[in-house]
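For reference, the structure is listed below as C-alpha cells.
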Amino acid sequence: MTTGREVPPTAGRGRFAAVDVIRTKRDGGVLSDDQIDWVVDAYTRGEVADEQMAALAMAILLRGMTAAETARWTQAMIDSGVRLDLSVGDRPTVDKHSTGGVGDKITLPLAPLVAACGAAVPQLSGRGLGHTGGTLDKLEAIPGFRVGLSTAEVTAQLREVGAVVCAPGDDLAPADRKLYALRDVTATVESIPLIASSIMSKKIAEGAGALVLDVKVGSGAFMTSVPQARELAGAMVDLGAAHGVRTAALLTDMSTPLGYAVGNAVEVAESVEVLDGGGPADVVELTLALAREMLAAAGLADADPAAALADGRAMDVWRAMVRAQGGDPDAALPTAAEIEVVPAPRDGVVAAVDALAVGVAAWRLGAGRARKEDPVAPAAGVVLRRRPGDAVRAGEPLLELRSHEAARLPDALAAVAGAVTIGAAPRTGGPLIIDRIGPS
Ligand code: URA
C-alpha cells in the first residue's frame, strides 16, 4: 500500500530517521537490511525512543515481515550483544525452549535427564509474566537455589554436572530484553516474526549446537490455533538452520494444564516425582518426547531416556545440579498458609480443564507477576484434583487454590469459575503431541 504521495526522507541524527522506517512498514513496505540493522542498534543504544519502537512493533504486528526481514532482524538482535560459546569438551550441547504454558515444568526433569544421557544442557531460562509461569521462578522455590551465574560458572557446571538452568547474562541479546518489555505493554507480543526473532536471537546467541522447540498451542498458549503455531515453528526452525543450529520443533497441546501442579513450589515437587520414576502421565510423555528429540539433534539418538528416568540417573544429575547452584535438594519446599478447595457442582466425568483460567488463577494467587519487577510467592498456585477423563461426584474436590494471602482467594475463585467442564461420559481429547516440524 502507498500513501498516495511521495514522502521525502526525513533527516535524522543517524543514517536513517526512525519515522521513515516506521512509515515504510506502516505502509506495507519491506525494510532494507540497513534499515533493520540501524533501527535495532539505535533502539538498543537509546537513540530510537520507546514510542518510536512501539509504533514500529505495531506496524510489524499488523503488516508482518518477510522471511528475509525476520532473518535480518534476528541477526541484528544477536549482534546487539555477545554470542557465547558454551561448548565443553566432547559432550554435544543441546537446549530446549518452550513458548510458554500453564504447568509447564518440563525443563526441570528434562535438563538433568538429557544430561544423564550424555549431552551438555545449558538452559538459559526466563521468568513468568502474565498467566504463564517461568522456570527461574519455579527453581527459586528451592531454598538457596541461585539462578544468576557467571559464564565461567555455567561452563564449569556444564563440564562437571552436565546441566545448568540459569538466567541469561545482561549481554545476551540486550535488544530483545528491551524490545520484549516494550511489546509486553503495547499489545505487540503476538506477532509471529517478532516472537520467532525474539526466541531465536537468544537461543542462537547462547551458542548451543542443537535446539528443540516446544511450541504450545491452545487456550493457555500465545498461539491458540494449530496453523499459527505451525507457522511460528516453521519460522524458528528456518532461523535455526540459517545460523547452523540443528533445530526441530514439537507442536504440543496447551488447552489443558500440564500435570496436576501449577505454580512454583508445587511444580518443583511434581518434577521431582517424575525424576523419581513416577509423576503424571502427560508430564512424563512430554519429557520423554522432548528428550528423544534433543538427544537425536545432539547426535545421541541411541541413548535411552526412559531407562535414565527409571534407574535414577536423571535424579542423580538433578540433585547434583541443585547443589551446584546453591540449593538443597532435600530441603522442604514452601507451603501455603491458605488453601481453598473448589468442589464439583455435580456428578459426572471431567471433560476439560481450561489452561488459561487455571493459569490466571495461579497468577492471581501470587505465583506470577503483573509487572516484571514484582516478587512471586513460591507456595502459591493451583493443584488439579481431577484431570480430563476422571470421574467425580458432586462435592468432591476439583481444584485446590493455594496462597500466602487469604485476600487473593476471591479473585482466583472467580478466574476458575467454569474452568472445569463436567460431562456425562468421557470425551476423548486430542493428542498431547500434535505435530513435529524440522529435519527428520
Ligand atoms: N518468549 C520470548 O522469548 N519472546 C517472545 O516474543 C515470546 C515468548
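Check Ser191, Ser219, Ser198 and return the single one that is touching an Asp or Glu at 6+ places or on another chain (Cβ under 6 Å), within 16 Å of the ligand (Cβ to nearest atom) and of a type in the set (Gly, Ala, Ser).
Checking each option against the conditions leaves just Ser198.
Select from region 59-105 the residues that are out of contact with any Phe, Trp or Tyr (no Cβ under 8 Å at 6 or more places or on another chain), more than 22 Å from Val30 (Cβ to Cβ) and within 16 Å of the ligand (Cβ to nearest atom) and list them in ascending order.
Answer for region 59-105, where residues must be out of contact with any Phe, Trp or Tyr (no Cβ under 8 Å at 6 or more places or on another chain), more than 22 Å from Val30 (Cβ to Cβ) and within 16 Å of the ligand (Cβ to nearest atom): Gly81, Asp95, Lys96, His97, Ser98, Gly101, Val102, Asp104.
Please specify each residue of region 415-437 satisfying the condition of being surrounded by 13 or more Cβ atoms within 10 Å (Cβ to Cβ) and modelled with pLDDT of 95 or more. Reasoning before the result, please.
We begin by selecting, within region 415-437, every residue surrounded by 13 or more Cβ atoms within 10 Å (Cβ to Cβ); these are 415-416, 419-422, 426-427, 429, 432-437.
Within region 415-437, Ala415, Val416, Ala419, Val420, Thr421, Ile422, Leu432, Ile433, Ile434, Asp435, Arg436, Ile437 meet the criteria.
Hey, can you tell me all the residues within region 240-282 that are closer than 20 Å to Gly134 by Cβ and in contact with a Gly (Cβ under 6 Å, 6 or more places away or on another chain)?
Met254, Pro257, Leu258, Gly259, Val262, Gly263, Val266, Glu270 - these are the residues of region 240-282 that are closer than 20 Å to Gly134 by Cβ and in contact with a Gly (Cβ under 6 Å, 6 or more places away or on another chain).
Which of the residues that make up region 77-105 are open to solvent by 30 Å² or more (accessible area, probe 1.4 Å) and among the hydrophobic types (A, V, I, L, M, F, W, C)?
Val82, Leu84
Anything in region 200-240 that is open to solvent by 10 Å² or more (accessible area, probe 1.4 Å) and of a type in the set (Val, Ile, Thr)? List them, or say none.
Thr224, Val226, Val237
Here is a list: Leu56, Leu108. Which entry is more than 16 Å from the ligand (Cβ to nearest atom), open to solvent by less than 10 Å² (accessible area, probe 1.4 Å) and over 16 Å from Glu206 (Cα atoms)?
Of the residues listed, the single one that is more than 16 Å from the ligand (Cβ to nearest atom), open to solvent by less than 10 Å² (accessible area, probe 1.4 Å) and over 16 Å from Glu206 (Cα atoms) is Leu108.
Starting from residues that are under 17 Å from the mean Cα position of the chain (by Cα) and at pLDDT below 90, keep the ones in region 181-199 and report whichever is least open to solvent (accessible area, probe 1.4 Å).
Filtering first and then ranking leaves Val189.
May I ask you to list the residues in region 110-135 that are among the aliphatic types (A, V, I, L, M) and at pLDDT 95 or above? Write out each step before concluding.
Within region 110-135, the first condition is being among the aliphatic types (A, V, I, L, M), and the residues that meet it are 110-111, 113-116, 119-121, 124, 129.
Passing the criteria: Leu110, Ala111, Leu113, Val114, Ala115, Ala116, Ala119, Ala120, Val121.
Report, ordered by the first and then the second residue, all pairs with beta carbons closer than 7 Å, sequence separation of six or more or different chains, a first member in region 31-56 that is in contact (Cβ under 8 Å) with a residue 40 or more places away in the chain, and a second member that is β-branched (Val, Ile, Thr) and part of a loop (DSSP other than H, G, I, E, B).
Ala54/Thr186
Being among the aliphatic types (A, V, I, L, M), buried (at least 18 other Cβ atoms within 10 Å of the Cβ), within 15 Å of Met321 (Cβ to Cβ) and more than 16 Å from the ligand (Cβ to nearest atom) is the requirement here; does Val164 meet it?
yes
Open to solvent by less than 20 Å² (accessible area, probe 1.4 Å) and in contact with a helix residue (DSSP H, G or I) (Cβ under 7 Å, 6 or more places away or on another chain): which single residue out of Pro334, Pro305, Pro329 fits that description?
Pro305
Could you check region 168-186 and list, in sequence order, the residues that are touching a residue at least 24 places away in the same chain (Cβ under 8 Å) and within 13 Å of the ligand (Cβ to nearest atom)?
Matches in region 168-186: Pro168, Leu172, Ala173, Ala175, Asp176, Lys178, Leu179, Ala181, Leu182, Arg183, Asp184, Thr186.
The values are calculated or read from the model by the stated rules, or taken from the named source; none is laboratory data. Please read these numbers as outputs of a predicted model, since none were measured by experiment. Backbone-built Cβ (ideal geometry, glycine too); neighbour counts: all protein chains shown. Just so you know, the surface numbers come from the protein's heavy atoms only, side chains and all, with ligands and any DNA or RNA stripped out. Shrake-Rupley method; radii C 1.70, N 1.55, O 1.52, S 1.80 Å.
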